[in-house]
Amino acid sequence: MDISQGNKVFSSFLLFVLFIVDLGEGHNRCGHHGPDIRFPFRLKDRQPDQQCGYPGFDLYCSDKHETVLELPTSVKVFVKHIDYQSQLIQVTDSDNCFPLKIRGLNLSSSPFQFKTENILEDYALFNCTSETDTYNYRLINCLSRFSTSVYAFLSDDYIDEFPILSCTKMYTVSSVPYHIWEWDSHSLELTWSEPKCRDCEVKGEKCRFKNNSTDFNIECFNPYGNKVSILGPFLLALVVYALYHVYRYDKTEKENQARIEKFLEDYKAIKPTRYSYADIKRITNQLSEKLGQGAYGTVFKGKLSSEIHVAVKILNIFTGDGEEFINEVGTMGKIHHVNVVRLVGFCADGFRRALVYEFLPNDSLDKFISPVDSNSFLGWEKLHDIALGIAKGIEYLHQGCDQQILHFDIKPHNILLDQNFNPKISDFGLAKLCAKDQSAVSMTTARGTIGYIAPEVFSRNFGKVSYKSDIYSFGIVLLEMVGGRKNFDVNMETTSQIYFPNRIYNLLEQKEDLRVYVEDSGDAKLAKKLAIVGLWCIQWYPTDRPSVKSVVQMLEGKGDKLTIPPNPFASTSSRRVNESMPTRHLIQELEVIPESN
């Protein structure tokens, strides 16, 4: 089993375990940073009335996710911390002024009390219009204003000791701690005595109503025992599920491997060299020089000897079912043509698969699709020779082998160039083999690269899928060579680029130059010939496209007698496609129609 697959199974297992553990813990809180709320407290509207909370310990969440406790009489405070072992709760006032709320506070009917180590005394509050000596009384800043000051006096002090001639008594408060009047006192600590859960917390256990009853008898319990009983069956089911998927994956891979081995056994008569994976790593110097990467694998440069260089494609282990590997080896191993890349060897070592090709130093035609004033422009004669070489390679695939080979992915990226810029068709992972006299090919899904796929591959309304689908792709390649630009950028979500084959057709129809920088008449003729052949190849309906033999003949001729084809840019409703219509829009107009075999 591959490490990445193992990681996926382990990640799923871990997430599932965390979910179950969280379920066993039964945590409830207001917001991410609020205190954990459990027995004897209860969170209103989230936990049931029965079995979760003790009377008088109700909490609720504010709109700002603060944990709110309502004390008698209607004094609301925010809960910042709950110490279940010490049975201590820390509360704050949202206005930072407990003296303002302490007037209405009466804890006699509440389960909460001030901490017993605090000295509780009675105080009288006076509003004074002048400053007084603060020796034995406290200024309350949060109640004072610009012109008046509020002081707290001990109620049992002698009144004649107070300079309160300019003061008015406001109210008295009973049994409150002295530090509540301190200007920086923003929090209070309250304790509770019932229910007595302290012993449970000390033992590392939790507290609840005894036997899940609704009376006020409580008991200690170990929450991990419940979690194990809950988690056990789920873990067992998850392990069985994971083992089943590992088994099914392993079985599928072994079936794919057996199918490939049977194919290779039948292939021995024609075989290229078979390499082990150790050989592949030695040839590529431990996969040190990367040349590129595609959907099916990564290509590395290698050496069979000091003179012979190769390109090695390491196939993705978990992509596809081995069909791409069989297509490449089964097709390319039988092909020997100057315009088709030669397959030197392959690797099928367990689940590891690789393909070894001849190395072509000038990379792909994709690198040379450029404007004529670019440094990478090859010149019109060389472009014409490349176009003719590609056409001859396709002609060989369609007519020169024992079976007709349909490539289905003709594009500049799959046209490699040798040291003399001779083109070679590569990448047969999507190819299909059929009889030479077979006029149509059955396909269950569209295959190819967006921008190069023939219309009939998307929708059978345009006709049957056949070798004419490769002709369409080749036509797009020709027009890209003429236009010096890509037909379609698959990485763009939206595009306003002009569908340039339509522009080329309009330029030909208006007898204008195809490129601003075509300097002599010979170059202009070559550009025009490539454009006309390309436009013939991209006719919407396969029956309107020429055969590859006719394409070769047109490219080999002088081009003087070539006629401009009918306008191929009308949609099925005979509506002319606007020049500014992007390629993506054209593709979206094609309705994919499923076919029956």
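Conditions tested, residue by residue: (1) closer than 27 Å to H309 by Cα; (2) among the small types (G, A, S).
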position: D366; (1), (2): yes, no
position: S370; (1), (2): no, yes
position: D385; (1), (2): yes, no
position: D427; (1), (2): yes, no
position: Q438; (1), (2): no, no
All positions within the range 76-112 that are crowded, with 18+ Cβ neighbours inside 10 Å, not in a strand (DSSP E or B) and not aromatic (F, W, Y): Q87, D93, P99, I102, L105
Tally, over the range 32-61, of residues that are modelled with pLDDT of 80 or more, surrounded by fewer than 20 Cβ atoms within 10 Å (Cβ to Cβ) and among the basic types (K, R): 1
Pairs, first surrounded by 14 or more Cβ atoms within 10 Å (Cβ to Cβ) in the range 192-211, second in a loop (DSSP other than H, G, I, E, B) and hydroxyl-bearing (S, T, Y), C-beta under 6 Å, six or more apart: P195/Y54; E201/Y84
When residues of the range 433-464 are limited to those that are of a type in the set (D, E, K, R) and free of Cβ contacts under 8 Å to residues at least 60 places away in the same chain, the one surrounded by the fewest Cβ atoms within 10 Å (Cβ to Cβ): D437
Residue tally, condition β-branched (V, I, T), at pLDDT below 85 and part of a loop (DSSP other than H, G, I, E, B), over the range 329-341: 1
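The values are calculated or read from the model by the stated rules, or taken from the named source; none is laboratory data. Because the structure is predicted, anything quoted here is derived from the model rather than measured. Cβ atoms come from the backbone with ideal geometry, glycine included; neighbour counts cover every protein chain shown.
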